[in-house]
Amino acid sequence: MNCQEVRESFEPFIDEELSVEMLNKINLHVAACSACGEMIGLRERFDARLRNAIAADSRFSPDPEFVARLQSEFSPKSSRSFALFGSGWRLWFASGLSAALLLTIGTYYFGVFRSAESEAVSTNPSSTQPEAATPSAVAVPAAFRTLVNMAVEEHKSCTLTNLTSNHHAAAVNPEAIFLGDHNLDEAVRAAVQKEVRHNVSAAASHFCEAQGQAFRHLILREREGYISVLVTDAGNRQQDENAIFCETIEGSSVACFKSQRKTVFVVSERSEEANLRLAQGITPTVRSVLNRSSQL
Amino acid sequence: MGFGSPTNPDGLDFEAELLPFIGDLYRMARWLTRDPEKAEELVHDAVILGIKGFHTYRATSSLKSWMFTIIYRLNIRQNQKKKLPIADDPDELLINQLAYEPDIPKHLTDEEIIAALERLPVSLSELVMLVNVEGFTYAEAATILQIPIGTVMSRLYRARQRLRVELEDAALNAGFLERAEVTP
């Protein structure tokens, strides 16, 4: 293939819409042609930047109260009410009747989810890891102390310097190259949602910097508050990949684990045990995405 | 698990299947309506239709794609009711003359990037949202929008070109770029 033929296929190539045969032909060409490689890089950065911008914009996340109202539609009773009122459902929701109904449903959901969650933890052997089953079992090692403090204390309300892109993050901290960051954000959001068993939306997503250390910072909103997931370069710090550190710092629970050369933090207002369970639940997903990113 | 959620003949529970991408549905509805209240109403109406029609859903296509199709059809129906014209692309000729591939200017904020996308005709920006942001394949996007797959590809190409031009204009206006930098 020549450059012209390859460039005509850039869009479907980046969107992963080509046949394996065409994909191989383009990969072969790009491996030998730096100009085409650079153009593909431009396209990929363009797409990633756009995805990140939308994902980080809170206007495009639903109000948790709206999601709760929507869930109430799964009640046969509320569906009948909807049929009666048609598109004037807001009025119906505004009534005292709906408030009482939602409260009942909310209590029901909360009770079911919480009891199911507790049961899963206590009976499912795969949901706990021996090294981290007890929150106090793995204290934060000295080598990670500074990073943990940064993750918890300095990211509150995220008053750190915001960085706009991979490029800027890498400029601050050359090892902090978080390729595929949108994929990481969405995968983490979905994994957290699966763990907490109710809707979780991305409130913000950005890079930020503290003391020359760049962090990818994903802030998730759930009905019980906010959960921060931070990823940063682990540098030369050594840590057992199966261990999850956890502790409480100034009222925030933080769990921390290492994946290859990255360190991941889960910070929330949940109890230490619940936060650890959440971190354990999302660990396979986070590792998988970081692993894929590192292979790009 | 919802206690009143319908199941389809494959045994899938609508609520359990829907919940993971409620946020995606809202994002698309918000994009289409440009209004949070209308977006909520659109998602709500789509979910109600989904509940009623879930017995016809088969897992041969993704539920996300199925629900997005409902969202689009509802939105078109509502626009027709209000006699709002659906915007089209007036600058096709200009876009087709562009031969270079500028990068996104680095100093632009997320807000400026989204504003540039909002300036695109809906027929173009909705494809960027479906393919770039929501991750649908060309075939799924074609089904959702009820247009041929070739049209998906050509519109998407034009949308991305147009967006780059909008972003460059924004960067030039903000003083982040000089004219000479963008001359092919």
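The values are calculated or read from the model by the stated rules, or taken from the named source; none is laboratory data. Bear in mind the structure is a predicted one, so any value in this text is a computation, not a measurement. Quick reminder, even Gly has a Cβ in these numbers, built from the backbone with ideal geometry, and neighbours come from all protein chains shown.
Right, B:Leu74: within 17 Å of the chain's Cα centre (by Cα), farther than 21 Å from B:Gly135 by Cβ and at pLDDT 85 or above or not?
When the stated conditions are applied, B:Leu74 passes them.
Out of the stretch A:176-210, which residues are polar (S, T, N, Q) and at pLDDT 70 or above?
A:Gln193, A:Asn199, A:Ser201, A:Ser205
Just the residues that are more than 23 Å from B:Glu118 (Cα to Cα) and basic (Lys, Arg), please, taken from the stretch B:10-31.
The answer is none; no residue qualifies.
Give the number of residues within the stretch A:44-67 that are more than 30 Å from A:Ser9 (Cβ to Cβ) and not acidic (Asp, Glu).
9
Considering only the stretch B:1-30, how many residues are more than 7 Å from chain A (Cβ to nearest Cβ) and either aliphatic (A, V, I, L, M) or part of a helix (DSSP H, G or I) (or both)?
Qualifying residue count, the stretch B:1-30: 11.
Is it true that B:Arg34 is more than 9 Å from every other protein chain (Cβ to nearest Cβ), modelled with pLDDT under 85, loosely packed, with under 15 Cβ neighbours inside 10 Å and within 23 Å of B:Glu118 (Cα to Cα)?
Criteria not met by B:Arg34.
Could you say whether any residue in the stretch B:37-47 is in contact with a Phe, Trp or Tyr (Cβ under 7 Å, 6 or more places away or on another chain) and modelled with pLDDT under 85?
The answer is no, given that none of the residues of the stretch B:37-47 is in contact with a Phe, Trp or Tyr (Cβ under 7 Å, 6 or more places away or on another chain) and modelled with pLDDT under 85.
Each row is one residue, and each column tells you yes or no for (1) assigned to a loop (DSSP other than H, G, I, E, B); (2) within 11 Å of chain B (Cβ to nearest Cβ); (3) out of contact with any strand residue (DSSP E or B) (no Cβ under 9 Å at 6 or more places or on another chain); (4) surrounded by fewer than 16 Cβ atoms within 10 Å (Cβ to Cβ).
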| site | (1), (2), (3), (4) |
| --- | --- |
| A:Asn27 | no, no, yes, yes |
| A:Gly37 | no, no, yes, yes |
| A:Ile40 | no, yes, yes, no |
| A:Arg59 | no, yes, yes, yes |
| A:Val67 | no, yes, no, no |
| A:Phe74 | yes, yes, yes, no |
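Between a residue in the stretch A:282-294 that is assigned to a helix (DSSP H, G or I) and any residue that is among the basic types (Lys, Arg) and modelled with pLDDT under 85, which pairs come within a Cβ distance under 6 Å, given they are 6 or more apart or on different chains?
Correct list of pairs: A:Leu290/A:Lys262.
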